[in-house]
Structure formats: structure tokens, C-alpha cells
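As C-alpha cells, the structure follows; a few thoughts come after it.
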Amino acid sequence: MSLELLHAAITAVAPIDGVSIGARADKATWRVSFRPEATDEQKAAAASVVAAFDLDAPTVNHVVAERERRLALGFDYDFGDARGVHRIGTTKDDMAGWAEVSTYAGALIDSGDLTTQIPIATNTGVCMVTAPEWRAIELAAAQFRQPLWTKSFALMALAPNIPADYTNDSYWT
């Protein structure tokens with residue numbers, strides 16, 4: 001991915017056929033293959049891009065991976081009754097299961113059935129919920145998940161200057 005970013009950054013300032021990275025830590029081994037029409041000024045601009053380029057700088061893909069990690073952590077939901085607090089899973093697989101429950105709960109609500117019990121498996125254990133209770137869990141999930149999306153968009157907007165410590169909680173809370 002870093003090679004693609006370097007290629008794009010150089011292409012923005014000079015016509016090139018390609019770029020290669022030799023020894024990662026030795027920029028003297030990095031090569032830019034310029035097109036014949038590249039001017040000396042464009043070649044100098046490309047050299048500046050290479051000199052400033054940080055292969056280890058965080059990218060949008062890094063931020064997306066951190067967002068996905070945080071989204072998958074789950075959250076605690078207090079039923080406010082004997083069921084107590086359950087850890088609600090939010091991994092990709094969990095969310096596929098959520099879609100099934102949401103479809104069922106929506107159909108129950110549409111038919112006016114607010115009392116049928118739906119079994120759900122949380123990270124804490126199995127419990128029963130009604131369709132309106134499931135909707136309350138969905139609202140709690142949105143309150144957990146939406147800020148993570150928003151924070152990730154703010155970090156991505158900083159590209160190519162995403163902070164090196166982008167995983168720090170201060171960027172996500």
C-alpha cells in the first residue's frame with residue numbers, strides 16, 4: 001500500500017512510468033522511472049516527495065482497521081431487570097446475526113406483536129427479548145457505534161497527515 005501511495009504522490013508532481021523501493025530504510029535505493037517529457041523541475045519535485053515520504057506513516061486503511069477493531073469490541077447493555085447486564089457482541093459475525101433478529105423484530109412490530117419472545121445470544125449468554133426490547137438494543141448499539149464512525153471520518157480527513165498515535169483513545173472518545 002505504501003508503494004501505491006508513493007507512486008500517487010510522485011505522479012501528482014511529475015510524469016512517471018513507475019517507482020520502486022529498494023532498501024526500506026535507505027532512500028538512496030529508491031528509484032523513480034521518469035517519462036521522457038519530465039522536466040528538471042518535475043524531477044526535483046519528485047525528489048522532494050521521496051525525501052519527505054514516510055513508509056511508516058498511518059494511512060486511511062490503518063484508520064479503517066482501527067475503526068473495525070473498535071466496532072467489534074461490543075458494549076454492555078443493562079436490561080434493567082433480572083437479566084442484568086449483558087455484553088452485546090458486535091463482530092462482523094455478530095452483526096450478521098443482528099440482521100436476522102432485526103428482520104424478525106421488524107416483522108413482529110409491523111404485525112402489532114410486541115410480546116413474542118426472541119432468543120438472542122449475547123457474549124454473556126442467551127436471553128429472551130421482545131421486539132421493542134430489541135429495538136432498544138439497536139438504539140444503544142448506534143450510540144456505541146456511530147461516534148466511532150464519526151471519529152474515523154475525522155481522522156481519515158487528515159490524510160496524508162494522520163497522527164502517528166491515531167490508535168490513542170483520545171482520538172476515538
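The values are calculated or read from the model by the stated rules, or taken from the named source; none is laboratory data. Owing to the predicted nature of the structure, the values given are computational and were not obtained by experimental measurement. As a convention, Cβ positions derive from the backbone with ideal geometry for all residues, glycine included, and neighbour counts pool all protein chains shown.
Before moving on, here are some points about what is shown:
- Among all residues of the range 139-147, there is at least one that is aliphatic (A, V, I, L, M), surrounded by 14 or more Cβ atoms within 10 Å (Cβ to Cβ) and part of a helix (DSSP H, G or I).
Each row is one residue, and each column tells you yes or no for (1) within 15 Å of ALA140 (Cα to Cα); (2) touching a Lys or Arg at 6+ places or on another chain (Cβ under 6 Å); (3) touching a residue at least 60 places away in the same chain (Cβ under 8 Å); (4) of a type outside the set (Val, Ile, Thr).
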| site | (1), (2), (3), (4) |
| --- | --- |
| ALA82 | no, no, no, yes |
| THR90 | yes, no, no, no |
| ASP93 | no, no, no, yes |
| TRP98 | yes, no, no, yes |
| ASP113 | no, no, no, yes |
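- Evaluation of ASN123 against (1) of a type outside the set (A, V, I, L, M, F, W, C); (2) free of Cβ contacts under 8 Å to residues at least 12 places away in the same chain; (3) in a loop (DSSP other than H, G, I, E, B) (one fails), failing number: (2)
- Considering only residues in the range 61-97 that are of a type in the set (Phe, Trp, Tyr) and within 27 Å of ASP169 (Cα to Cα), the one that is farthest from the chain's Cα centre (by Cα) turns out to be TYR77.
- Qualifying positions in the range 36-55 - over 29 Å from ALA65 (Cβ atoms) and surrounded by fewer than 11 Cβ atoms within 10 Å (Cβ to Cβ): PRO36, GLU37, ASP40, GLU41
- Members of the range 26-35 found to be assigned to a helix (DSSP H, G or I) and surrounded by 14 or more Cβ atoms within 10 Å (Cβ to Cβ), listed by number: LYS27
- Pairs are defined by a Cβ separation below 7 Å, a sequence spacing of at least 6 or placement on different chains, a first member in the range 22-42 that is farther than 12 Å from LEU6 by Cβ, and a second member that is exposed (fewer than 10 other Cβ atoms within 10 Å of the Cβ); the pairs so defined are THR29/ALA23.
- For the residues GLY112, GLY106, the requirement of being surrounded by fewer than 16 Cβ atoms within 10 Å (Cβ to Cβ) and either not assigned by TED's automatic domain parsing to the domain that holds VAL85 or not in a helix (DSSP H, G or I) (or both) singles out GLY112.
- Checked against (1) small (Gly, Ala, Ser); (2) assigned to a loop (DSSP other than H, G, I, E, B); (3) within 30 Å of PRO58 (Cβ to Cβ), ALA82 passes all but a single condition, namely (3).
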